[in-house]
Amino acid sequence: MISATLPNKQTIEIDGKKVVRIRDTTFNDGTKANTLVDWSMRSLVMEDSASIAALVKADLPKLAQLHLPGGKPVWFNGEKASGPIFVPSTDLGDGCNSGFEMGNTRILVHESPEDVAKVIKEAGGEVLPLPKGTLLETVAKTVEEWLSSSDEVWR
């Protein structure tokens, strides 16, 4: 178990083996915490994300790391990931070059589809084939998949 501090100064014990994702908090998280840890629940903690990730890695060796479109790191349970998901450079234009899925959730990342495939493979996740075809075919397929299959998108 990993001890972390909640914004109200109470201590929480996080089971590192159940962690799905770790990232810095954003304005949308609505708190003064520094880190979001998704595990059996969503926990907002005061410790920095790199410190939490280092502690989790001891319990979860398949913890992998990529970077969100803005460049900040995101750590995730690589065994539960599938990808890459191709995102055309003309699609979002905010540093998002690829993505991957964990269940019904998409995580958009800065890395190329090839780099995402490599990280997921090394972590024991499901590597999806890289898309082929013209840009128009790829865009049409990507938009169709995104509209039909995901409940939530994480950034």
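The values are calculated or read from the model by the stated rules, or taken from the named source; none is laboratory data. Predicted, not measured: the structure shown is a model, and the values here were computed from it. For neighbour counting, all protein chains shown are included, and Cβ atoms are generated from backbone atoms with ideal geometry for every residue, glycine included.
Worth pointing out:
- Of the residues Pro7, Pro84, Pro61, Pro69, the single one that is in contact with a Pro (Cβ under 8 Å, 6 or more places away or on another chain) and outside any helix (DSSP H, G or I) is Pro84.
- Asp91 modelled with pLDDT under 90 and either aliphatic (A, V, I, L, M) or exposed (fewer than 12 other Cβ atoms within 10 Å of the Cβ) (or both): no
- Considering the range 28-53, and only residues there that are among the β-branched types (Val, Ile, Thr) and either within 12 Å of Pro7 (Cα to Cα) or without any contact (Cβ under 8 Å) to a residue 40 or more places away in the chain (or both), the residue that is surrounded by the fewest Cβ atoms within 10 Å (Cβ to Cβ) turns out to be Thr31.
- Filter pass, Pro69 being in contact (Cβ under 8 Å) with a residue 60 or more places away in the chain and within 21 Å of Val127 (Cα to Cα): yes
- Single residue of the range 71-90 satisfying the filter (under 13 Å from the mean Cα position of the chain (by Cα) and of a type in the set (Gly, Ala, Ser)) that is farthest from Ala117 (Cα to Cα): Gly71
Condition check ((1) in a loop (DSSP other than H, G, I, E, B); (2) modelled with pLDDT of 65 or more; (3) in contact with a helix residue (DSSP H, G or I) (Cβ under 9 Å, 6 or more places away or on another chain)) across all residues:
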site	(1), (2), (3)
Leu108	no, yes, no
Glu111	yes, yes, yes
Asp115	no, yes, no
Lys118	no, yes, no
Gly124	yes, yes, yes
Gly133	yes, no, yes
Thr138	no, no, no
Val143	no, yes, no
